[in-house]
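Everything on this sheet refers to the single structure shown next.
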């Protein structure tokens, strides 16, 4: 029998791409069990539908480990095809920068995501009041912002931390930033 915790240990890739740079994090829910249960339920429904249509039965084979492997998304392909091992980024995103929680002045967090250039411009001009960042060629495309996140994120986090969460959340919402 395989439990979710055991599946996470043996399929530590989910923990590997999550957590802090110092240590992997356990996913706080029984996602392995829930995921396998969901696929089992879907398989059962499809088998019943098949039986109703054809009169034939179906075998259902669902493993926790196999289902969790499917949740790794594109990371295995990045490794298999590019020898790229993802770094742990905690609550941040591997392919986007300025994504996730950011600490504010009142020791609370505001969570937002710069998903495209459509969000980058209003972040710089309306939310952070730093239009000069739009002129910096190191930050003029998401790929470049990711490449230079070690410079960009600390600078912007210090600006975000100057105001309380509600102030930042209101300005982000007004700018249409999710």
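Throughout, read-outs are computed from the coordinates displayed, never taken from laboratory work. Everything numeric in this text was worked out from a predicted model, so none of it was measured. Every residue, glycine among them, receives a Cβ derived from its backbone with ideal geometry; neighbour counts consider all protein chains shown.
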### Summary
For the residue 33, residue 170 Cβ pair and Förster radius 45 Å, calculated FRET efficiency rounded to 0.05 is 0.70
### Message
Need the full-extension length gain, residue 151 to residue 71, defined as separation in residues times 0.36 nm minus the C-alpha distance. One decimal, nm.
### Response
25.7 nm
### Estimated distance in nm for a label pair at residue 84 and residue 107, the labels positioned 7 Å out from Cα along Cα-to-Cβ
3.9 nm
### Query
In nm, what is the difference between 0.36 nm times the number of residues separating residue 42 and residue 61 and their Cα-Cα distance?
5.7 nm
### Query
Given a Förster radius of 22 Å and the C-beta distance between residue 161 and residue 117 as r, what FRET efficiency does 1/(1 + (r/R0)^6) yield to the nearest 0.05?
0.35
### Query
Counting pairs of Cα atoms in the stretch 66-173, how many percent are more than 24 Å apart?
31 percent
